[in-house]
Every structure is written in structure tokens, then in C-alpha cells.
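Here is the structure we will look at.
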Amino acid sequence: MEHLAGFAPLAERYDGFVLDLWGVIHDGVNAFPHAVDTLRHIRETGKRALLLSNVPRPNDAVRTMMRRMGIEDGLYTDILTSGEAVRRCLIAPPDLWWTQLGQRMYHLGPERDRPVYEGLPITVVDSPEEADFVLNTGPDDHRNPSDMGEFEADLQACAQHRLKMICANPDLVVIRGGVRVLCAGSLAARYRELGGDVRSLGKPEPAVYQPVLQQMGLPPDRVLAVGDSLRTDIAGAAGVGIASCWVLDGIHGAALSDGAGGFDPAKTDAVADEAGLAPVASLPRFVW
């Protein structure tokens, strides 16, 4: 793995880029100025930059959020979110698992994620006892998002009623405004421990990459994925045969720190090796 100071050398080597959002472009609250600048440089090269994000909201809702952060639509080619992928499956079930979900849904997640299912022929119910299935978009706004114990009773109730679970964000944790919080993937992992039946949509699942790669229309060896999570971004890229670049100043940042404001190359190599992954390069952050 090369340990680079900036993205410019990689931009010369590839023609298309699959970019993570949270941890690379923004922190859920603010855009990273250096990342916005890097997007501008990529646009100037005429190459394609598609955003692929495990955020449990549809594409349009995320575009609106990014505009508020100062990330203009013209800075990237297109976007696909895990929330958009879930909504599409609810509209047009791809297999029997989805077809047999039923119509009564319990939503485990915050109100801001409602666009995933708004306008669909689904009845939202107030408790697992009333539901046919559960949509998990992550911790809601009324409980501590860093404490799994806050959600145990809900998960136990869903398991007791043998509800199928849709996980709309496979991420385990994310850094939001500098604070590490749980994501839907952590709740889904606990639900599996309880014997629950879970379908996750988003990275690292290969299916979520296919529309993005088809839209790029490039040979796999001309595409580079960029992300901060080994488990989703880097493993997901490996699963579809494309190269990856690991952004270190994200969820792994504390573990990779050199104690002086930078990142330890030896630690970085060791952590990637332990995970059985081989990104072609690392960056301290998504800077040009």
C-alpha cells in the first residue's frame, strides 16, 4: 500500500471514482473543505465521480442535505444511497423475501429517515407487536445513539414476533460531528444474534455497486473506490474487483494515529493485513 499525502497521483491513474460520503466528504454535519476542493479538481479533469453512501435516505434527500453543506450538485456525477436502494426494493421487490414482507411496518430509526418509505403503500405501526416487518435505519433521536442497551428491548420484541428486518445502513458506527455513534448495522448485528432474519442493502454488498459501475461504463481496472471504512468501503470494492484507497481520518483514525497529529504507516499496513484487505493506497484525508 502506498501512503500518499494527497489524491492527485491517484486521479491521474484512474478514470472513474466511487466515493464514500460520510467520513470522506463530510461528517454528517459539515462538509470537509479539503474534500470539496478535491471534488472540484476531479471535475476539472473531466473524470467521473459517483457517490455511493450507506445513508438510509433516498438520493434526493441526501442531495438536499449536501447542498446545505455547500456541496453543489455539479461537483459529482451522480449518487446512490442505501436508502434509495431500499426504497427501490420496496417499490419493486427483487425476490420472494421482499415480496412476502407484508404491509405493516415498524420503523426503528429517526423521523428524518421517513423519506425511505413515504408515499409507498405501507402502514407504519407503533410497536413490533403490530408489525409484519421492521425497517431499521439506525438509532432514533430519543435514545442515546452510543449505547446498544437502549435498543435491546425493541430488538427483543422484534425477534419475539419473528419479524424480518431490512437494514438500510450496514455501517456499524460513524463519526457524527466528532462523536462516535452507532449505525443500523450494529442493531442488525445484534438482531442476528437474537436469531433475526436480516437483509442489508448497501456497502459491502456487491449488488449495490452494480448500478454505479454500469453507469460509469469503464473497465474495472480504471475505477477506484475511496472510503474510510475497511469493512464496507474497502471490502466492498474488493468484492467487485476494483481497487481502493483508504482514507485514514475516519472511523479508524484513533487506532491508526501516530500520536503527533498524523497516521502510523506500520499500523495502517498491519490493520489492513489483519482484515485480509489490500487497498492500493492510503490518504490521511481526502485532500488533493
Q.
Looking only at residues that are more than 14 Å from LEU283 (Cα to Cα) and among the hydrophobic types (A, V, I, L, M, F, W, C) in region 218-242, which one is surrounded by the most Cβ atoms within 10 Å (Cβ to Cβ)?
A. ALA237
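Specify which of the listed residues (THR64, THR38, THR45) is crowded, with 22+ Cβ neighbours inside 10 Å and β-branched (Val, Ile, Thr). Give the derivation first.
Details: THR64 fails: crowded, with 22+ Cβ neighbours inside 10 Å; THR45 fails: crowded, with 22+ Cβ neighbours inside 10 Å.
Going through THR64, THR38, THR45 in turn, the sole match is THR38.
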Q) From the set of residues in region 189-206 that are within 19 Å of MET105 (Cβ to Cβ) and in contact with a Ser or Thr (Cβ under 6 Å, 6 or more places away or on another chain), which is surrounded by the fewest Cβ atoms within 10 Å (Cβ to Cβ)? A) LEU201
Q: Select the helices (runs of 4 or more DSSP H) contained entirely in region 216-288, then report the ones holding at least 3 residues which are among the charged types (D, E, K, R) and in the same structural domain as THR38 (by TED's automatic domain parsing).
A: 265-274
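Could you tell me which residue of region 134-152 is surrounded by the most Cβ atoms within 10 Å (Cβ to Cβ), considering only residues that are of a type in the set (D, E, K, R) and in a helix (DSSP H, G or I)? Outline the logic, then answer.
Filtering region 134-152 for residues of a type in the set (D, E, K, R) gives 140-141, 143, 147, 150, 152.
So of that shortlist, the ones also in a helix (DSSP H, G or I) come out as 150, 152.
Details: GLU150: 15, GLU152: 13.
Residue satisfying both the conditions and the ranking: GLU150.
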Q) Any residue at all in region 70-93 that is of a type in the set (D, E, K, R), crowded, with 18+ Cβ neighbours inside 10 Å, within 29 Å of ALA237 (Cα to Cα) and touching a Pro at 6+ places or on another chain (Cβ under 9 Å)? A) yes
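How about region 264-274: which of its residues are without any contact (Cβ under 8 Å) to a residue 24 or more places away in the chain and either surrounded by 12 or more Cβ atoms within 10 Å (Cβ to Cβ) or under 19 Å from GLY178 (Cα atoms) (or both)? Steps first, please.
Going residue by residue through region 264-274, those that are without any contact (Cβ under 8 Å) to a residue 24 or more places away in the chain are 264, 266-267, 270, 273-274.
Once the filter is applied, which keeps residues that are without any contact (Cβ under 8 Å) to a residue 24 or more places away in the chain and either surrounded by 12 or more Cβ atoms within 10 Å (Cβ to Cβ) or under 19 Å from GLY178 (Cα atoms) (or both), region 264-274 yields ASP264, LYS267, ALA270.
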Q. In region 166-177, is there at least one residue being surrounded by fewer than 23 Cβ atoms within 10 Å (Cβ to Cβ), in contact with a Gly (Cβ under 9 Å, 6 or more places away or on another chain), of a type in the set (A, V, I, L, M, F, W, C) and assigned to a strand (DSSP E or B)?
A. yes
Q.
Please pick out the residue among ASP269, ASP228, ASP233 that is farther than 21 Å from SER186 by Cα and of a type in the set (D, E, K, R).
A. ASP269
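The values are calculated or read from the model by the stated rules, or taken from the named source; none is laboratory data. Given the structure is predicted, the values throughout are model-derived calculations rather than measurements. Cβ sites come from the backbone with ideal geometry, for glycine too, and all protein chains shown count toward neighbours.
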